[in-house]
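Chemist: My questions will all concern the structure given below.
The values are calculated or read from the model by the stated rules, or taken from the named source; none is laboratory data. As the structure is a computational prediction, the values presented were derived from the model and not from experiment. Ideal geometry is used to build each Cβ from the backbone, glycine not excepted, and the neighbour counts take in all protein chains shown. Protein only, heavy atoms only, side chains kept; ligands, DNA and RNA dropped before computing areas. Shrake-Rupley method; radii C 1.70, N 1.55, O 1.52, S 1.80 Å.
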Protein chains: 2
Amino acid sequence: MTIPQLDFAKLGGILPVVVQDAASGEVLMQAFLNQEAWDLTVRERIAHYYSRSKGRIWKKGERSGNIQHVEEVWIDCDDDSVLLKVRQEGGAACHTGYRSCYHRRVDPEGITVVGTPLFDPREVYGPAGPGDEAEAREGVHPTGAAHP
Amino acid sequence: MTIPQLDFAKLGGILPVVVQDAASGEVLMQAFLNQEAWDLTVRERIAHYYSRSKGRIWKKGERSGNIQHVEEVWIDCDDDSVLLKVRQEGGAACHTGYRSCYHRRVDPEGITVVGTPLFDPREVYGPAGPGDEAEAREGVHPTGAAHP
């Protein structure tokens with residue numbers, strides 16, 4: 001198949017990807033793609049992202065097992081943003097165990113956490129817990145690493 | 001009200017914002033916030049973004065009239081991405097007249113355009129049409145300007 005060419009230049013080689021639950025329509029997370037992650041995601045129909053902190057391809061779920069099966073791929077009007085509709089293995093996309101990374105609502109009176117975690121991050125990521133968010137999501141260096 | 005502090009540093013002063021129709025759950029677009037756009041959006045409950053091409057705040061709909069009323073604001077697990085649930089004035093978020101900027105699906109056999117435009121961009125943006133996407137969305141310089 002032909003993989004559409006996207007505009008990765010505006011952000012220096014990456015572009016944002018929005019990830020939506022194909023069944024419920026819930027927005028699960030937002031990540032970034034580079035050219036290689038885009039190619040892998042479209043070809044394999046399994047979500048691959050670009051990890052800014054590690055500087056490498058990150059297959060979502062590579063550590064937690066919570067991979068994302070890509071049911072639909074959409075591109076935006078100016079070729080610099082992607083929407084994936086996915087089936088989320090394990091039910092939760094967030095390294096905290098919540099279904100969505102967007103589980104905190106900003107209300108006039110403060111922040112409200114909505115929902116409950118579907119898994120215990122310590123069971124998924126080991127006794128040290130997920131630690132740094134990038135480590136947790138990206139599956140390496142559980143005891144800490146710099147965010148470049 | 002207190003406006004939560006977000007991590008704008010990772011992308012040099014901006015972060016991605018995902019915009020979802022509050023009623024239908026459809027993802028309408030993705031844009032960027034800087035600190036000022038974030039403050040304005042949370043305080044006024046009207047979507048304001050940061051235009052990368054113009055280097056200024058862009059009140060969505062400032063030219064087309066298709067403003068976005070913010071019904072809910074969500075922040076992600078690591079404070080570097082925002083989800084807005086909005087009521088879209090005029091029904092269409094995209095400068096092309098389509099309801100969503102994500103109106104092109106990438107199928108194995110090619111790109112499929114889904115839906116029909118809800119307005120004629122030439123009527124909204126003038127006889128020259130929307131021209132450059134950034135100009136169209138951001139409402140200035142209808143005859144062309146560089147994307148920095």
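Chemist: Quick one: ranking B:Arg105, B:Arg122 by accessible area, 1.4 Å probe, largest first, what do you get?
Modeler: Greatest to least solvent exposure: B:Arg122, B:Arg105.
Chemist: Using just the Cα positions, wrap chain A in a convex hull and report its mean projected area in square nanometres, one decimal place.
Modeler: Working: hull surface 39.4 nm².
With the hull built on Cα positions only, its mean projection is 9.9 nm².
Chemist: What length, rounded to one decimal in nm, is gained on full extension from A:Glu71 through to A:Asp107, with 0.36 nm per residue of separation minus their alpha-carbon distance?
Modeler: 9.7 nm
Chemist: Can you list residues whose amide H is under 5 Å from B:Glu71's amide H, if they're 5+ apart or on another chain and H is modeled 1.01 Å from N?
Modeler: B:Lys85, B:Val86, B:Arg87
Chemist: Now for a different question. Rounded to the nearest whole Å², what accessible area per residue is found for chain B with the 1.4 Å probe?
Modeler: It amounts to 41 Å² per residue over chain B.
Chemist: Cα-Cα pairs above 35 Å in the protein assembly as shown: how many percent?
Modeler: Roughly 15 percent, once rounded to a whole number.
Chemist: Which ³J(HN,Hα) values, rounded to whole Hz and listed in residue order, are derived for the stretch A:25-31 from phi using the Karplus coefficients 6.51, -1.76 and 1.60 in 6.51 cos²θ - 1.76 cosθ + 1.60 with θ = phi - 60°, glycine and proline given as x?
Modeler: In residue order, the calculated couplings are x, 5, 7, 8, 5, 9, 9 Hz.
Chemist: Once the principal axes of the Cα atoms of the stretch B:8-88 are found, what is the range along each, listed largest first in whole angstroms?
Modeler: Ordered largest first, the stretch B:8-88 gives principal extents of 32, 31, 21 Å.
Chemist: Could you work out how much longer the chain between B:Glu62 and B:Glu44 gets when fully extended? Use 0.36 nm per residue separation minus the Cα distance between them, nm to one decimal.
Modeler: 5.0 nm
Chemist: Now a separate question. What accessible area, summed over both chains, is buried at the A-B interface (1.4 Å probe, Å², nearest 100)? Present the calculation step by step, with values, prior to reporting the outcome.
Modeler: Values: alone 7940 and 7950 Å², together 12220 Å².
Buried area between the two chains comes out at roughly 3700 Å².
Chemist: How big is the dipole moment of the protein assembly as shown about its Cα centre under a simple scheme where the beta carbon of each Lys and Arg is +1, that of each Asp and Glu is -1, and everything else is neutral? Debye, nearest 20, please. Before the final figure, lay out the partial values.
Modeler: Values: 32 positive and 44 negative charges, 26 e Å.
Its charge dipole is roughly 120 debye.
Chemist: Can you work out the FRET efficiency for the pair B:Leu118 and A:Asp79, with r the C-beta to C-beta distance and R0 = 25 Å, to the nearest 0.05? Mind showing how you got there, number by number?
Modeler: Details: r = 21 Å, r/R0 = 0.85.
The calculated FRET efficiency here is 0.70.
Chemist: Can you give me the angle between helix A:35-44 and the longest principal axis of chain A, using Cα atoms only, in degrees from 0 to 90, rounded to the nearest 10?
Modeler: Compared with the principal axis, the helix lies near 90 degrees.
Chemist: Show me, for the stretch B:46-57, the HN-Hα J-couplings you get by feeding each phi into the Karplus relation (A = 6.51, B = -1.76, C = 1.60, θ = phi - 60°), rounded to Hz, glycine and proline as x.
Modeler: Going residue by residue, I get 10, 5, 10, 10, 10, 7, 5, 6, 9, x, 8, 5 Hz, with x marking Gly and Pro.
Chemist: Keeping all protein chains in the complex and leaving out DNA, RNA and ligands, what accessible area do you get for A:Asp78 with a 1.4 Å probe, in Å² to the nearest 10?
Modeler: 20
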